[in-house]
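Just below is one structure, and these are the notes that go with it.
The values are calculated or read from the model by the stated rules, or taken from the named source; none is laboratory data. The structure displayed is predicted, hence computed values, not measured ones. Note: ideal-geometry Cβ built from the backbone for every residue, glycine included; neighbour counts use all protein chains shown. The protein model used for the area step is the full one, side chains on, heavy atoms only, and it has no ligands, DNA or RNA in it. Shrake-Rupley method; radii C 1.70, N 1.55, O 1.52, S 1.80 Å.
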Amino acid sequence: MTTGRVGLISGHVSVRGAREHNLRNVDVDIPRDAFVVFTGVSGSGKSSLVFATLYAEAQRRYLESVAPYARRLFDQLGTPAVDSVEGLPPAIALQQQRGTTTPRSSVGSITTISNLVRMLYSRAGVYPVGSGLLPADAFSRNTVEGACPTCRGQGSVHAVTERSMVPDASLSIREGAIAAWPVAWHGQNLRDISVTLGFDIDAPFSSLSAEDRRWLLFTEDQPQVPVYAGFSAKEVKQAMRRKDEPSYMGTFTSAKRHVLHTFANSSSVHHRRRAAAHLISRPCRACGGKRLGRDALAVTFAGLDIAEFLRLPLRRLAPMLDDRAVLAGSGSQDEHTAVMGRILPDMRSRLETLLDLGLGYLTLEREAPSLSPGELQRLRLATQMRSNLFGVVYVLDEPSAGLHPADTEALLRALARLKAAGNSLFVVEHDPDVIRHADWIVDVGPGAGQYGGRVLYSGAVDGLGYVQESETAKHLFATAGDTRRVVRRAESHITLRHVSCNNLHDVTATVPVGLLTTVTGVSGSGKSSLVSHALVQLLGAVVGREAAVAELDDALTDASFTVVHGSVEFDQTRITRLVEVDQAPIGRTPRSNLATYTGLFDAVRRLFAETPLAKARGYTAGRFSFNVTKGRCARCEGQGAIFVELLFLPGVYARCPDCAGSRYNPKTLEVRLQDKNIAEILQMTVDDAAGFFSAYDQLSRTLDVLRDVGLGYLTLGQPATELSGGEAQRIKLARELRRASRGTTLYVLDEPTTGLHPSDVQRLLAHLHQLVDAGNTVIMVEHDMLAAASSDWIIDMGPGAGEDGGRVVATGTPERVAAVSNSRTAMYLARGLGIP
């Protein structure tokens, strides 16, 4: 076991009386110039100590040190609830972030290497004879000067065909032959309009004349005609002859017009995804999919145009930049040589850092929304490693999240370099491998929410083994996890054949039905391409696809519509439903919260409406919603906070003075259920609420499931905007678990253990196994080796990342995969199984 390695310590950060969130007047001394890991179960108070106290205090002091004019450039942070913090250096936070980047952001722009590349091509590129120099902006697809005028920098154009809009021409229009038309009322409206226009909607679509089919699918005309809802074709003709009053006047829209308009303009993610299913994307002929104008693409460097340069994996780009002879031959003018002498060393240095972090499989053009939170955090970490700062506290939030154990080793080497440069590392972490490398450990707990908030231990790693009430110690010092499984055998399989998608090329894979399957592999090996893209798109096109999410409000990007080639075969009696449970947010505003998403809030409001006082006053359930005018606080309109304008400073949100943050008006708060008003209910944790509502079966069931997936520490009113991706995913999973299982559902999960302590992982896995016991199929992309070891079946992708991956390396039981020599997962899986 690794012992503490603090070495020479220049001092400590002393915290006294920390009371943020659930912290119980915490006193703790933390060494500087050390790698310090903060551990504990989910919701124990780790983040409250590290981010809400230490980092918040460091930021507050920094803002106080600058002039008032400069302060207005920063977001204002509240003063943390702590008596004192001594010896705290300046701090930089590197937190997990998802969905905060734009579609036009890329690896190159995040690392600023793209700027260097554009300058390199502008000033040191080889131009066609007679051409003038182009400015750097002319090499960017995000500028008017650089973007291809045909595709506007997208690299592809979208088209529709009869086949893409009518997948089964043997059906009639009434039976849904024109699949590209909208569903529900709008679709019925178009069918009724078609009857008025004289089309036979009961004949097979293939039997219609070519002219009629072409007009229905492709016309730009939008005739307005009378609609007689529910009338047959004969009855419509008779009504029109009699000039009867129609049900309404309807406007016809062709399938092509509907698809293209919806894809380009709809604000609904669901509608855009549905439209995209009927589109055929082709590379732009003008730029060949390279997104830039002809002038920019005519300039080369080292024999490559800039688009080809940006598409090279970083590991292939680095050696090319290091070849001085090749680079010297790319330009004959002294100016070119001087430019390269300034730019190339900087580029090489940045690339070396990215390679050290295990990101060599990425390309500079890789779009940021397609990156995982772990990849984004490592890109930001690379930027910090080049900053050459020292004497700084780097505060990291689960840097190993989303990383394969092999990638975690590269991360640890990078963190060691930051520490060696004279910095301190304060890391919130659950991964035992990271914890074992720490110089110092601060364990918070023992439980979550009100059952946590205490520092159980602060010292060298080995000493934690003597703390009996520590949940972390039980897993950190265990010889191996309990991975014994009930042996399940698959009666049928889902077979993906000849799949090509991203780095997958002609891949065939089988997923057993009725089992828990884990897809493993290093970052970038093709796991998500196989599961989240290929499996979901191909199988979802047959059985339909549901997203376990209330508000599909995440911005769509080209990555959302990854083109998949291949086919799927499966027994449609065993899989009748596909449910994705991903880490997308459950809402985009603070008005969305845990209680509203799960339906708890509706049930609670109905209980309040049944109280004697509510009945006497005529209050309905709507009165107890903070979105309804009658019940909410008039001043803050149910938000609990008001925006305050400050002279010479940016405005801040402050607690509403009228309702004290409760969101409700006094009359509403007078109504009580078991001595608690509606605001106090929303402030309760899931753990507390489970006891409070134990007599109400409907509420109790939902609360118990939330606790079982490790969310007992969250409050019922926890705003959706404050939830992590892992928390959002487990809330969605809980909502699915509380429903009556059909037994023929395929659940697809994206790293469900993200952000979970090992003890919470075990509880989550127990529920996943219950889903399988009920006859369902579960497939998850996962890096946690204990989770993989407890699954029934493993599909290991790789062997490497990017162009070195994209293949099925091994399949079988965990024991079988652990014995495969060319699998980079095998060694770590064997450790999780307790195999020497």
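Averaging the sequence gap over all C-alpha pairs within less than 8 Å and six or more residues apart, then dividing by the number of residues, gives the chain a relative contact order of 16 percent. In order along the range 694-702, the phi-based Karplus estimate (6.51 cos²θ - 1.76 cosθ + 1.60, θ = phi - 60°) of 3J(HN,Hα) comes to 4, 7, 10, 4, 4, 5, 4, 4, 5 Hz; Gly and Pro are listed as x. Of the residues 299, 690, 596, the one whose Cα sits farthest towards the positive end of the charge dipole of the chain is 596 (charges of +1 on Lys and Arg Cβ, -1 on Asp and Glu Cβ, taken about the Cα centre). Over the chain, the fraction of Cα-Cα pairs per 20 Å bin, rounded to whole percents and listed from the shortest bin up, is 13, 40, 37, 9, 1.
Residue-wise HN-Hα couplings along the range 117-125, as the Karplus relation 6.51 cos²θ - 1.76 cosθ + 1.60 with θ = phi - 60° gives them from phi, are 5, 5, 5, 4, 5, 5, 9, 10, x Hz; Gly and Pro carry x. What's the FRET efficiency of residue 352 with residue 676 using the Cβ-Cβ distance as r and R₀ = 56 Å, to the nearest 0.05? The calculated FRET efficiency here is 0.45. Sorted on the mean count of surrounding Cβ atoms within 10 Å across their residues, most packed first, peptides 742-754, 575-587 read 742-754, 575-587.
Report the charge-dipole magnitude of the range 746-802 in Debye, nearest 20, computed about the Cα centre from +1 at each Lys and Arg Cβ and -1 at each Asp and Glu Cβ.
Numbers: 1 positive and 8 negative charges, 16 e Å.
Dipole of the range 746-802, to the nearest 20 debye: 80 debye.
When the chain is described by a simple charge dipole with +1 on each Lys and Arg Cβ and -1 on each Asp and Glu Cβ, the residue from 56, 498, 671 located farthest towards its positive end is 671. Maximal additional length on extending the residue 174-residue 541 stretch stands at 130.1 nm, based on 0.36 nm per residue less the C-alpha distance.
What FRET efficiency do you get for residue 694 and residue 62 if R0 is 56 Å and r is their Cβ-Cβ distance, rounded to the nearest 0.05?
Calculated value: 0.75.
Taking 0.36 nm per residue of separation and subtracting the current Cα-Cα distance, fully stretching the chain between residue 821 and residue 83 would add 260.1 nm. How many lysine pairs are close in the chain, with Cα atoms under 30 Å apart and the two 8 or more places apart or on different chains? Lysine pairs satisfying the spacing and distance rule in the chain number 19. A straight line joining the Cα centroids of the range 28-45 and the range 215-251 runs 70 Å.
Name the long-range amide H neighbours of residue 250: under 5 Å, sequence gap of 5 or more, or other chain; modelled H, no Pro or chain starts. Those qualifying (amide H under 5 Å, at least 5 residues apart or on another chain) are 225, 227.
By the Cβ-Cβ criterion of under 4.7 Å, the unpaired cysteines of the chain are 501.
Taken per residue, the accessible surface of the chain reaches 44 Å², heavy atoms only and a 1.4 Å probe.
In this rough spin-label picture, where each label sits 7 Å from Cα along the Cβ direction, the residue 202-residue 215 distance is 2.1 nm. Model label sites at residue 462 and residue 497, defined 7 Å from Cα along the beta-carbon direction, differ in position by 6.0 nm.
Coupling constants for the range 399-405 follow from the phi torsions by the Karplus curve (6.51 cos²θ - 1.76 cosθ + 1.60, θ = phi - 60°), and in residue order they are x, 7, 4, x, 10, 5, x Hz; glycine and proline get x.
The residues neighbouring residue 613, those whose beta-carbon lies less than 14 Å from its own, together hold a net charge of +3 under the Lys/Arg +1, Asp/Glu -1 convention. Under 5 Å from the amide H of residue 13 lie the amide H atoms of 30, 32, each residue being 5 or more positions distant or on a separate chain, with H modelled from the backbone and absent for Pro and chain starts. Selection among 507, 587, 368 by position relative to the dipole of the chain gives 587 as farthest towards the positive end (Cβ unit charges, Cα centre).
Each Lys and Arg Cβ is given +1 and each Asp and Glu Cβ -1; about its Cα centre, the range 656-764 then shows a dipole of about 380 debye.
When +1 charges are put on Lys and Arg Cβ atoms and -1 charges on Asp and Glu Cβ atoms, the dipole computed for the chain relative to its Cα centre reaches about 1460 debye.
If packing is taken as the average number of other Cβ atoms within 10 Å across a peptide's residues, how do 683-693, 130-140, 214-224 rank, most packed first?
Details: 683-693: 19.7, 130-140: 15.7, 214-224: 14.1.
Order by mean packing, descending: 683-693, 130-140, 214-224.
Taking 7 Å steps out from each Cα toward its Cβ at residue 224 and residue 591 produces label points 3.3 nm apart.
Each stretch of four or more DSSP H residues adds -39500 (n - 2.57); spread over every residue of the chain, this sum gives -9000 deg cm²/dmol at 222 nm. Between the amide H of residue 812 and those of 794, distances stay under 5 Å, these residues lying 5 or more places away or on another chain, with hydrogens modeled in the peptide plane.
The length gained on full extension between residue 577 and residue 150, counted as 0.36 nm times the residue separation minus their Cα-Cα distance, comes to 149.7 nm.
At 1.4 Å probe size, with the rest of the protein present, what percent of the exposed accessible area of the chain is carbon and sulfur atoms? If you can, show how the numbers build up before the last one.
Working: 18370 of 36730 Å².
Roughly 50 percent of what the probe reaches on the chain is carbon or sulfur.
Say R0 is 25 Å: what FRET efficiency, to the nearest 0.05, do residue 627 and residue 739 get from their beta-carbon distance? Computed FRET efficiency for residue 627 and residue 739 comes out at 0.50.
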